[in-house]
1. Calculate what fraction, in whole %, of the accessible area of the chain sits on carbon and sulfur atoms when a 1.4 Å probe is rolled over the protein chains.
2. Can you pull out the GluC sites (Glu not before Pro) in segment 1-90 that DSSP calls coil and that have at most 14 other Cβ atoms within 10 Å?
3. Probe radius 1.4 Å, ligands and nucleic acids left out: which of Thr10, Thr92, Thr113 has the largest accessible area, and how do the rest follow?
4. For every helix of n ≥ 4 consecutive DSSP H residues, a contribution of -39,500 (n - 2.57) applies; sum these over the chain, divide by its total residues, and give [θ] at 222 nm rounded to the nearest 500 deg cm²/dmol.
5. What whole number of Å gives the distance from the Cα centroid of segment 71-100 to the Cα centroid of segment 25-47?
6. For a quick check of understanding: with a 1.4 angstrom probe and all protein chains in place, what accessible area in square angstrom does Arg11 have, to the nearest ten?
7. What FRET efficiency comes out for the pair Thr88/Leu108, r = Cβ-Cβ distance, R0 = 30 Å, nearest 0.05?
8. Please compute the per residue accessible area over segment 5-77 with all protein chains in place, 1.4 Å probe, rounded to a whole number of Å².
Amino acid sequence: MIRAFRLVITRELTMAFRRWSDLALPIVFFVIVCMLFPLAVGQDQTVLREIGPGAIWVAALLATLMSLNSLYREDFDDGTLEQLALSTHPLTVLLLAKTVAHWIVTGLPLIATA
């Protein structure tokens, strides 16, 4: 079961790095929103200090939502999800591996950027 977990993570990371533009899009979106937000609010330092952390959280959540579409889309289109469901390994373990790989690819860069 651990081997299957590692294989799914390896596959997902390999597939993600082949589509590097899909990796960069949420990070670029996050940076643009964080840069444009002070322009929309104004230059008052007290207001920016009060609402800045919330704006960063909202930008990070919206950037994460952009990348969620690709989490299962391609696997559904090419039949990989069906093969995972038919596998002898527990489906929850395999889907947890996909989720961990997705978090490594999108969550860690967003945290590093923030």
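The values are calculated or read from the model by the stated rules, or taken from the named source; none is laboratory data. This one's a predicted model, so the numbers in the text were calculated from it and none came from an experiment. Don't worry about glycine lacking a Cβ; one is built from the backbone with ideal geometry, like all the others, and counts go over all protein chains shown. Note: areas computed on protein heavy atoms with side chains; ligands, DNA, RNA excluded. Shrake-Rupley method; radii C 1.70, N 1.55, O 1.52, S 1.80 Å.
1. So the carbon and sulfur contribution to the accessible surface is 70 percent.
2. The qualifying sites: there are none.
3. If we order Thr10, Thr92, Thr113 from most to least accessible, we get Thr92, Thr10, Thr113.
4. -28500 deg cm²/dmol
5. 36 Å
6. Per-residue accessible area (Arg11): approximately 80 Å².
7. After rounding to 0.05, the efficiency reads 0.45.
8. On the way: 5190 Å² over 73 residues.
On a per-residue basis, segment 5-77 sits at 71 Å².
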